[in-house]
Amino acid sequence: MHVMSVASAGLVVWDVDGTLIPADLRWLRRAVARTYGISEAEVVFPAARVHGYTDESIVVDTALASGIPVETAERGVEQFHDQLAHVMAEGEAELARDQPAYPGAAETISALNKHGLIQTVLTGNLRSAAEVKLRVAGLDDHLDLEIGAFGSDARDRFDLPAVISQRFPGKYGQSLDPARTVIIGDAPNDIACARHAGFHVIVVAHRASREELTQSSPDAIVEALEADAVVAKVESVLSCAPRRSFHMSEIARAHHMRDEPLATVAMLDRAQQESPDTSAFRCSRDRPCPTLSKTAVRQ
């Protein structure tokens, strides 16, 4: 299959902890303790801003919650990278024993690969930790980590989709199309991140309930990583012209909010071509803005 046709098949972007493998804070706890010279018992994770956030943001917030001064917490981030790499290397046998992949994860990745979809990851894990987790879990065969985005690329998770968008053309010879991209995650923050980027999003109810996830309006929810069900959801999301048109309108809204009229008009034109019935310029419910027609933009 040619690179162009592979790229046009679509991109699946996986979250890691809580989606492909169970989340476990022991690795961060050990690395934080070593970084700041405190015991593991003294490490206090904040009540919020853990699940769905990047390791760098978690380690600073955890250091503060554990009584470390602000400047010391920030200075420790670079050392934390080294400490976490050592912790993960030392703990590979423990990781394999206690944190195996969720049932169906490997089969789902393999099935998506057979359907011609490119796959990568967007994760708050530092790259070194993510690579160990995926390799030990046996999940890295069909994941293109060269175009992935990791917590070591940016501290704010909302900045990570842009990392994939920047890396994608160098590997596949064309720009990443948000309308042909779907994130698979497990948390409301995964949904928010996908919406921020204009990507589709499917969530698996491994940790949060279906009711909780529904409140964030993902494109689809699955109860588990059952290969046929996930493939069907991905293909449905990526092949639905009205849904793609809606996402293009969302991207146009983002351009409008950044005062980029030419980009706004171009994306509205694409939305119109994709599905005229659903191409009205829309604003997300959590970021309202005035309705805007293409004529208004040009004026």
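Quick check on my filter: what residues within the stretch 123-145 are open to solvent by 10 Å² or more (accessible area, probe 1.4 Å) and of a type in the set (A, V, I, L, M)?
Val132, Val136, Ala137, Leu143, Leu145
Might you let me know whether the stretch 24-35 holds any residue that is of a type in the set (Ser, Thr, Tyr) and either open to solvent by less than 10 Å² (accessible area, probe 1.4 Å) or under 26 Å from Ala208 (Cβ atoms) (or both)?
For the stretch 24-35, residues of a type in the set (Ser, Thr, Tyr) and either open to solvent by less than 10 Å² (accessible area, probe 1.4 Å) or under 26 Å from Ala208 (Cβ atoms) (or both): absent.
Determine which member of the set Ala232, Ala220 is over 24 Å from Glu146 (Cα atoms), under 16 Å from the mean Cα position of the chain (by Cα) and modelled with pLDDT of 95 or more.
Going through Ala232, Ala220 in turn, the sole match is Ala220.
Filter the stretch 18-50 down to residues that are part of a helix (DSSP H, G or I) and of a type in the set (A, V, I, L, M, F, W, C), then give me how many there are.
Here the count works out to 6.
Please identify the pairs in which a residue from the stretch 44-69 that is touching a residue at least 12 places away in the same chain (Cβ under 8 Å) has its Cβ atom under 7 Å from the Cβ atom of a residue that is part of a helix (DSSP H, G or I) and of a type in the set (Ser, Thr, Tyr), counting only partners at least 6 apart or on another chain.
Val44/Thr62; Phe45/Thr62; Pro46/Thr62; Arg49/Ser57; Ala63/Tyr36; Ile68/Tyr36
Would you point out which residue out of Ser39, Ser110 is among the hydroxyl-bearing types (Ser, Thr, Tyr), surrounded by fewer than 19 Cβ atoms within 10 Å (Cβ to Cβ) and within 29 Å of Gln166 (Cβ to Cβ)?
Ser110
With the checklist (1) hydroxyl-bearing (Ser, Thr, Tyr); (2) surrounded by 21 or more Cβ atoms within 10 Å (Cβ to Cβ); (3) modelled with pLDDT under 95 in hand, flag the one item Thr181 doesn't pass.
(3)
The values are calculated or read from the model by the stated rules, or taken from the named source; none is laboratory data. Values in this document were obtained by computation on a predicted structure and should not be read as measured data. Counting neighbours? That spans all protein chains shown, and the Cβs are built from the backbone with ideal geometry, glycine included. Each accessible area value is taken on the protein alone, full model and side chains, heavy atoms only, with ligands, DNA and RNA left out. Shrake-Rupley method; radii C 1.70, N 1.55, O 1.52, S 1.80 Å.
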